[in-house]
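Reading through the C-alpha cells given below for one structure.
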C-alpha cells in the first residue's frame with residue numbers, strides 16, 4: 001500500500017480544485033454509508049474487516065458531523081481543518097487491514113480502494129472556499145496565531 005499512498009500524495013496537490021464544500025459533504029456521507037454497509041456485509045465473513053469498516057465509518061461520519069460545511073451538524077471544526085485531517089483519514093482507511101491483521105485477505109482491497117478514493121476526493125476539494133461560520137473561522141485563526 002505505500003506505493004499507492006505515495007502516488008496519491010504526489011498527484012493530489014496537482015489536481016484541479018473542482019469539488020465544493022457541499023459536494024464534499026455529500027461524498028463524505030456516502031463514504032460513511034459505504035463503510036457502514038461494508039461493516040454489515042462483512043460481519044459473518046470477516047469480523048476484523050467488519051470492525052475496521054465500522055471504525056472507518058465512525059471516524060469519517062464524526063468528522064463530517066463536526067465540520068462547518070453544508071451537512072455538518074455540530075459545527076466545531078472548520079472546513080479548512082477538515083482538509084488537513086482528510087489525508088490522515090485516507091491513510092488510515094488504506095492501512096487498517098495491516099493494523100488489524102487481514103492485509104493478505106480479499107477484504108483488504110476494499111480499504112485500499114476507499115483510501116485511494118478518499119485521497120483523490122481530498123485532492124480535488126477546494127478547501128479554500130472555507131467555512132461560512134464566523135465563530136469557527138475565528139477559532140481557527142486564533143490557533144494559527146499561537
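Here are the numbers for this structure:
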{"item": "Conditions (1) in a helix (DSSP H, G or I); (2) closer than 23 Å to residue 16 by Cα; (3) under 17 Å from the mean Cα position of the chain (by Cα): number failed by residue 128", "result": "(3)"}
{"item": "Sole residue being in contact (Cβ under 8 Å) with a residue 12 or more places away in the chain and not in a loop (DSSP other than H, G, I, E, B), chosen from 32, 65", "result": "32"}
{"item": "Among the candidates 47, 132, residue that is at pLDDT 95 or above and out of contact with any strand residue (DSSP E or B) (no Cβ under 8 Å at 6 or more places or on another chain)", "result": "47"}
{"item": "Tabulated pairs, the range 41-59, first farther than 15 Å from residue 94 by Cα, second part of a helix (DSSP H, G or I) and modelled with pLDDT of 95 or more, C-beta under 7 angstrom, 6+ apart or interchain", "result": "42/49; 42/50; 42/53; 43/50"}
{"item": "Odd one out for residue 121 among (1) out of contact with any strand residue (DSSP E or B) (no Cβ under 7 Å at 6 or more places or on another chain); (2) surrounded by 17 or more Cβ atoms within 10 Å (Cβ to Cβ); (3) outside any loop (DSSP other than H, G, I, E, B)", "result": "(1)"}
{"item": "Lone unmet requirement of (1) in contact with a helix residue (DSSP H, G or I) (Cβ under 7 Å, 6 or more places away or on another chain); (2) surrounded by 15 or more Cβ atoms within 10 Å (Cβ to Cβ) for residue 65", "result": "(1)"}
{"item": "Residue within the range 12-20 that is part of a helix (DSSP H, G or I), at pLDDT 95 or above and loosely packed, with under 14 Cβ neighbours inside 10 Å present", "result": "no"}
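The values are calculated or read from the model by the stated rules, or taken from the named source; none is laboratory data. Since we're looking at a predicted model, the values are computed, not measured. Heads up, the Cβs are rebuilt from the backbone with ideal geometry, glycines too, and the neighbour counts pull from every protein chain shown.
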